[in-house]
Amino acid sequence: MDADAALVAALVDDRLLLRHYSLATSLLNESAEASLESEAEVALPLRARFLLLDPERRWLYLAAEDGELLAYDLRDPAEPRLNQRLRLTEPGTRLTRLEHLLGGISLLAGASDGSIAQWFPVRDAANAYALSRVRGFAGTGAPVAALAIEHRRKGFASADDRGAVALYNTTAEREVLKGSLLEGAWSALTFAPRGNYLLGEAADGRLHLVAVDNQHPEVSWSSLWERVWYESYPEPAHVWQSSSASNDFEPKFSLTPLAFGTFKGAFYAMLFAVPLAIMGAIYTANFMSARMRGLVKPVIEIMEALPTVILGFLAGLWLAPLVEENLAGMLSMILIIPPGFLLVAYGWQRLPAGLRERVPEGWEAALLVPVAVVLGVISVQASPALEQALFGGSMREWLTVSAGISFDQRNALVVGFAMGFAVIPTIFSIAEDAIFSVPKHLTQGSLALGATRWQTLVRVVLLTASPGIFSAVMIGLGRAVGETMIVLMATGNTPVMDFNIFEGMRTLAANIAVEMPESEVDSTHYRVLFLAALVLFAFTFFFNTLAELVRHRLRRKYSTL
């Protein structure tokens, strides 16, 4: 029943009677008048003992004591349609209780062997709904005499005919508590509105009030890290969805998509930052002139002081639309700029020696700055032509329609650029110091023995500096894992598990920043956010410890060079 309609269902012998009423409210006296809209009578192929109608008046369930169930589709109450016929219990067992879980979507079926099964409608291959057994609970071992449903959570209590009571939570798929409270059987059981009391009636008519301290039962290892089959989902999934406008909402606290998003963002950031930072450190420490190094190194280190909130702001409002509008051009940079550098280097070597000697030794890299700018501009300007020639005028549409790859404007590619830009100074500074600190007698001895500068770099300098370089990479990774503002502002901030570079994500740090101010103190949501912070700390502690162990091993291995 709702504000404008009501549906009445009744069992008479082996017949189902349905009456659909419409309610009209008078504006003068605020009284409601009911008028009969339709009625139907259905002959049943079984003697039903249980009758359940969901709150939306869409499904009507009839079940017999032997466990057989009929599911009727009531979209047209005048003509109920039998949608499914199935068996809820195992052969040889009786159906003793049938109740709706909170929300009226799931059915809880208690059997004579004490087991309890949860069923709810799932779309099949033909896009039609069919009841599916989602999970089961072993129960107390005695026939289920009563089921009590919590009013605010997806939990319930069962009582058997031997006086035992057990508490369960369907989201966590676990038995919370089990104990014997009576000598005889229970005849009825119900929860207080807040779930802190159980009121039960014994078979002899006595009432029993039991205090219940059952906080945060929906949290378990499986609900946090494993796939959970939630109501209205076609299959088990990793989902984070902490709130909803519905009172019967089932909170979804899976940390797996958040951990996945954390590593995804860090991976793409490191993929962009590590080659540039390490190669830049190698060139600055070994091939750049001392005067130019005195200019370049402080500038890059000053970049580290740039607030990440500014980088996130620029990435979300400027870089993300720019990448979307020039997607083909941005990706073509990978194919244009490196070969362009090689061509310029080859042309430089072909110039007369007198012309090349006019550039001071160690300043050659300055000549590549305008080359990089020109090649980047060419790539961006060529984007419309590339999209027209290769992708039918729109690379984004080609990705989503032809290639079947989802595209979000604020995606991992944007995060890779922005967060990589933030991580580069850290990696560059530590790696450059490690390379520059290699004792000069090692490099001079290698050159004196006939090795080239590249052979000396690869076989002497990099091996000796490898502990510092590895530490630089791991410290950069630690910062990328813990980054908050860039991923918060430059991604779609959706907790999805998709390694697609054109799809967004949500990280542990960003999730804490977004939801902690809105969470209720001491609630399950509040505690899970603190648990997420602990997981984030564990990740960074693990990587830093691993980096320290590897650094010591590399130092012992190459200290004799």
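The values are calculated or read from the model by the stated rules, or taken from the named source; none is laboratory data. What you see is a predicted model; the values in this text were computed from it and never measured. No Cβ is skipped: glycine too gets one built from the backbone with ideal geometry, and neighbour counts run over all protein chains shown. Note: areas computed on protein heavy atoms with side chains; ligands, DNA, RNA excluded. Shrake-Rupley method; radii C 1.70, N 1.55, O 1.52, S 1.80 Å.
Things worth noting here:
- Residue selected from the stretch 421-463 under the condition open to solvent by 40 Å² or more (accessible area, probe 1.4 Å) and β-branched (Val, Ile, Thr), by the criterion farthest from VAL274 (Cα to Cα): THR452
- Elements of type helices (runs of 4 or more DSSP H) in the stretch 207-326, at least 1 residues being surrounded by 20 or more Cβ atoms within 10 Å (Cβ to Cβ), touching an Asp or Glu at 6+ places or on another chain (Cβ under 8 Å) and among the charged types (D, E, K, R): 290-303
- Matching residues in the stretch 533-550 - criterion: being buried (at least 17 other Cβ atoms within 10 Å of the Cβ) and over 22 Å from the mean Cα position of the chain (by Cα): ALA547
- Residues in the stretch 175-206 that are open to solvent by less than 50 Å² (accessible area, probe 1.4 Å), in a strand (DSSP E or B) and not β-branched (Val, Ile, Thr): GLY179, TRP186, ALA188, LEU189, PHE191, LEU198, GLY200, ALA202.
- Any hit, the stretch 146-162, residues being free of Cβ contacts under 8 Å to residues at least 12 places away in the same chain, under 29 Å from ASP498 (Cα atoms) and either surrounded by fewer than 19 Cβ atoms within 10 Å (Cβ to Cβ) or not β-branched (Val, Ile, Thr) (or both): no
- Test: residue in the stretch 494-508 that is closer than 30 Å to ASP433 by Cα and modelled with pLDDT of 85 or more: no
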